[in-house]
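S.K.: Sharing a structure below in structure tokens format, with a few things to ask.
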Amino acid sequence: MTFRIAPTLAVCGFFLTVSAFAQQALDHTATGVQASSGARTLRVDALRPDVLRVRLFPLGQPKEDASWAVLEAARTAHAAVTSTGDGFTTSALRVIVGPDLRLKVTDLAGNVLQEDAAPVSFDGAGFKVSKQKSPEDHFFGLGDKPGPLDRAGQSFVMWNTDNFGWQESTDPIYKSIPFFLDMHSGRALGVLFDNTFRSYFDFGHERTDRYAFSAPDGPLDYYLLYGPEPKQVIETYAWLTGPTPLPPMWALGYQQSRYSYTPRARVEEVAAKLRADHIPADVIWLDIDYQYRNRPFTVDPETFPDFPGLIHKLTAENFQTVVITDLHIAEQPGQGYAPYDSGKAGDHFVKRGGKDYVGPVWPGPSVFPDFTRKATRDWWGTLYKQFVADGVAGFWNDMNEPAVFSYPTKTMPDDVEHRIEEPGFQSRTALHTEIHNLYGMENTRATWDGQLALRPNLRPFVMTRASYAGGQRYAATWTGDNSSTWNHLRQTTPQLLNLGLSGFSLAGADVGGFAGSPSPALLTRWLMLAAFQPIDRDHAAKGTRDHEPWVDGPEEEAIRRRYIEERYRLMPYLYTTAEETSRDGLPIVRPLFLEFPHAAADGRPLDLDASGEFLFGSSILVAASPSPEEVAPYEVHLPPGVWYDYWTGAKLDRRAPVEARDLEIRDAKATALKPVMANPGPADLPVYVRGGAILPMAPVVQSTGERPSGALTLRVFPGEDCQGSIYQDDGKSYDFRKGAYFRQRFTCAQSADGAVTVSLSTPEGSYSPWWHQVRIEVVGLDRPATTATSNGKNILIETTTLGQATTIASSSKAQSITLR
């Protein structure tokens, strides 16, 4: 059905522009609406009741319907819609198309979620989309851009850049993830701008009443993801672009790296010291100096003799090895360098002017694989065959922005040609301006697929520096070449939080800082914090002092060991969270507002006053200082509810109304509810657990490859909606897809007389976990329990530093334990 709209001031006054009286055709489709005005066509489709796809293109000439970021199943999904005179509705949203193709989206109660502030403006092939913004809008996402957690008032460029020495104001850096979350008046809306060209985001920098995104070319194609809760938006983003896959368990352990551990004897020395000093660790990383003349996929026979022997020795000591494999291939014809010879024979390198493009990188003149060709990605995967045969566990794709030692651009020229030969895409040649931002992602895709082809039932591990939206499907990431400064330690938290909100749940930062030498205090504080982050990798640049945990003497080493050990105690909780992430997309580390979106009195995210705080999983709150180099006390912003000190078990009741709490914090005479102030010593990091959490914990091991000896501990923190779970499998294969996993859920309830009952559900799956006993430890009881029963039978009870505990035999049936 087609409507011709000739708007009037009375009907559409808020849309009025100088061209508002042009005729506009509006056609209803099975999934939404298509409207045309002048030379442009707007199409809005409902993929789900809460997900819209918006495209604007020249009249009758839609851009190619393909995406590197969005999964085909999501992109082609459709929801039922009800047509209206000016748009359509779904069961969650109302879409209104006004004059000049201006778009307005509301919820069904009429609350505006997004509204065009002006018609889309065009400049040749370029365009700019402008949206209305209020002072109450807060923006999050865009990956690991430096700066505060909230993007409001800032502007950013999406152009993957090797930016060694970046600082808080530096932009752009290594990744381009054009997805953000808009929080406004307690409602959340996600926006994915699926355009791979150099794009721009302005969140009120130029004009405080508008935010905008733009690109110089490519499709005007974006997705709107409605909550209203922020958790729903992040889960929907995972549905759209894919979640972070379940990693091998060893990837969650402590990891030791340096540029570079060389020669072989140095690698063995570091591994031996980790074990001798009983510092739990899982991974040793090898940077480029293990290679022959910096050539990827080679090994220097002089500095690393018997490379397979080294890998097998490390494996026997429960160390996994991750090696770097940069994407630049040394241009070395006729010298027996197989990656170049086979790549040249298969025509796998990008072109410029019809010839292979050659640029300077670590090996000297280098060529670059054409990763937008499936055949090239398949070839790239075969290059890992020998490393895989040698037992290398994972691979590190660095320098893949792509970085080229050509200044000032630091990358390939704009006119380098990439051939798109990819299922689902039209075969064509594209310039580097279109491919640049996704080049690193397609590099990691090739590495991921190559590992799967060589080891079909083992989970790959790939680490990348550069990526695009959806890149979390193929690789973990880190924040690039940071610096050994207190400010970069402070930057780590907002960077990892925004990466998690942007799909990259498995992420970390170079612990201790890459560039420069950390003081003993800085390195200790960084190692303490990193114990509660997804990737815990200590890494350093050449020319810096050693970063290993033992370098500053036994006192500092003891503190660092303690926190690494705590990470391993929490490994059941961390691995369970990672498995949940692989299904729902919720990040491992998350801002407070993701779990407590309405905690602040005015509806704004609580995190704005809590810049050092984050949640590790859904239950543990880490409250690092917002100024870690300072010694002054600082306020811990605990959301409303009951909380427990993780280290002491002390109970903190924060259940007063938000308004009263905020008022009392500002009133020095108030006595009902005092602010929580922290003044940690050099060895202390404030950590809290939300009431109602049940944390699965394990005895300390020296690596995840070691079987824990003892009972699984369920540490119970009584409170509302008390529950928890544990997930286990073999930690390395895909056998869990065939049912070889263990999953068990726990609940607890507290009666009026103070008795606590903990219930364990019937386990799911066929996998047999490592424990034969379960230790129930209840924290924070108002009075000590004196008796314990299991399914009605008396059992022994013990007093611990945190509360009371009892131990039962594990069972394939449901169990119930009461402490009274």
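No value in this document is a laboratory result; all are computed from the given coordinates. Here the structure is a predicted model, which is why all the values come from computation and not from measurement. We place every Cβ from the backbone using ideal geometry, glycine too, and count neighbours over all the protein chains shown.
S.K.: Say a paramagnetic label sat at a point 7 Å from the Cα of S427, along Cα to Cβ; which residues of region 53-71 have their backbone N under 20 Å from it?
M.R.: 64-68
S.K.: Then there is this: Check every DSSP H run in the chain and write down those whose alpha carbon atoms cover 20 angstrom or more along the long axis and whose mean Kyte-Doolittle hydropathy is -0.5 or greater.
M.R.: Length and hydropathy pass: 486-501.
S.K.: Turning to a different aspect of this structure: Based on Cβ point charges of +1 for Lys and Arg and -1 for Asp and Glu, what charge dipole magnitude is obtained for the chain about its Cα centre, in debye rounded to the nearest 20?
M.R.: Its charge dipole is roughly 1320 debye.
S.K.: How long is region 693-819 along each principal axis, judged by its Cα atoms, biggest number first, in Å?
M.R.: Cα spread of region 693-819 along its principal axes, largest to smallest: 47, 28, 26 Å.
S.K.: To continue, here is another question. Pairs K104/K231; K63/K175; K131/K351; K104/K175; K651/K732; K355/K385: which are spaced more than 32 Å apart, C-alpha to C-alpha?
M.R.: Result: K131/K351; K651/K732 exceed 32 Å.
S.K.: Moving to a separate point now. Can you give the net charge of the other residues whose Cβ lies under 13 Å from the Cβ of P305, counting K and R as +1 and D and E as -1?
M.R.: Charge balance in the 13 Å sphere: -2.
S.K.: Right, next: Given axes a ≥ b ≥ c from the Cα gyration tensor, I'd like to know whether region 222-363 is rounded (a/c under 1.5), prolate (a/b larger than b/c) or oblate.
M.R.: Oblate, since a/c reaches 1.5 and b/c is not below a/b.
S.K.: What is the dipole size for region 498-583, taken about its Cα centre, with +1 at each Lys and Arg Cβ and -1 at each Asp and Glu Cβ, in debye to the nearest 20?
M.R.: Taking the Cα centre of region 498-583 as origin, the dipole is about 160 debye.
S.K.: When only Cα pairs under 8 Å and 6 or more residues apart are kept, what is the percent relative contact order across the chain?
M.R.: Computed value for the chain: 10 percent relative contact order.
S.K.: What's the extension gain from M677 to T757 if we count 0.36 nm per residue and subtract their Cα-Cα distance?
M.R.: Extra length from M677 to T757 when fully extended: 25.5 nm.
S.K.: Taking amide hydrogens as modeled 1.01 Å from N in the peptide plane, which residues meet the under 5 Å criterion relative to I795, leaving out close sequence neighbours?
M.R.: A788, T789, S790
S.K.: Same structure again: Between H78 and A118, what is the label-to-label distance in nm when each label sits 7 Å out along the Cα-to-Cβ direction?
M.R.: 3.6 nm
S.K.: Which ³J(HN,Hα) values, rounded to whole Hz and listed in residue order, are derived for region 741-758 from phi using the Karplus coefficients 6.51, -1.76 and 1.60 in 6.51 cos²θ - 1.76 cosθ + 1.60 with θ = phi - 60°, glycine and proline given as x?
M.R.: Values per residue, Gly and Pro as x: 9, 10, 9, 9, 10, 10, 9, 9, 9, 10, 7, 4, 8, x, 5, 10, 10, 10 Hz.
S.K.: Another question about this same structure. Long-range amide H contacts for I420: which residues qualify at under 5 Å (H placed 1.01 Å from N, peptide plane, sequence gap of 5 or more or a different chain)?
M.R.: R428, T429, A430
S.K.: Tell me, what HN-Hα J-couplings in whole Hz come from the Karplus equation 6.51 cos²θ - 1.76 cosθ + 1.60 at θ = phi - 60° for each residue of region 809-820, using x for Gly and Pro?
M.R.: 6, 5, 8, 7, 10, 5, 9, 9, 10, 10, 10, 10
S.K.: Quick check: net charge around L781, other residues with Cβ under 15 Å of its Cβ, Lys/Arg +1 and Asp/Glu -1?
M.R.: -2
S.K.: Pop out the ³J(HN,Hα) list for region 136-142 in order, Karplus 6.51 cos²θ - 1.76 cosθ + 1.60 with θ = phi - 60°, rounded to Hz; leave Gly and Pro as x.
M.R.: With the stated coefficients, region 136-142 comes to 8, 7, 10, 10, 9, x, 6 Hz.
S.K.: According to the square roots a ≥ b ≥ c of the eigenvalues of the Cα gyration tensor, what is the shape class of region 306-346, taking rounded for a/c under 1.5, prolate for a/b larger than b/c otherwise, and oblate for the remainder?
M.R.: prolate
S.K.: Report the extension gain between K410 and E206 in nm, rounded to one decimal, defined as 0.36 nm multiplied by the number of residues separating them, less their alpha carbon distance.
M.R.: Value of the extension gain: 70.7 nm.
S.K.: Is region 45-141 rounded, prolate or oblate when judged by the Cα gyration tensor, a ≥ b ≥ c being the square roots of its eigenvalues, rounded requiring a/c under 1.5 and prolate requiring a/b larger than b/c?
M.R.: Rounded, because the longest to shortest axis ratio a/c is under 1.5.
S.K.: Using helices alone, what [θ] at 222 nm do you get for the chain, with -39,500 (n - 2.57) per DSSP H run of 4 or more residues, divided over all residues and rounded to the nearest 500?
M.R.: Computed ellipticity for the chain at 222 nm equals -6000 deg cm²/dmol.
S.K.: Still on this structure: Taking the Cα-to-Cβ direction at E168 and at R275 and moving 7 Å from each Cα, how far apart do the two end points lie in nm?
M.R.: The modelled label-to-label distance comes out at 4.4 nm.
S.K.: Follow-up question, since we're still on this one. Could you give the dipole magnitude of region 693-819 about its Cα centre, charging the beta-carbon of Lys and Arg +1 and that of Asp and Glu -1, in debye to the nearest 20?
M.R.: Dipole size: approximately 320 debye.
S.K.: Moving on to the next point. Each label point is 7 Å from the Cα along the Cα-to-Cβ direction; what then is the distance between the points at T799 and R737, in nm?
M.R.: 5.3 nm
S.K.: Under 5 Å between amide H atoms, partner at least 5 residues away or on a different chain: which partners does G508 have, H built in plane at 1.01 Å?
M.R.: Under 5 Å from the amide H of G508: T477, W478, T479, I535.
S.K.: Run a plain Debye calculation on region 2-241 (Cα atoms as equal point scatterers, no solvent) and give log10 I(q)/I(0) at q = 0.07, 0.11 Å⁻¹, rounded to two decimals, same order as the q list.
M.R.: For region 2-241 at q = 0.07, 0.11 Å⁻¹, log10 I(q)/I(0) is -0.22, -0.55.
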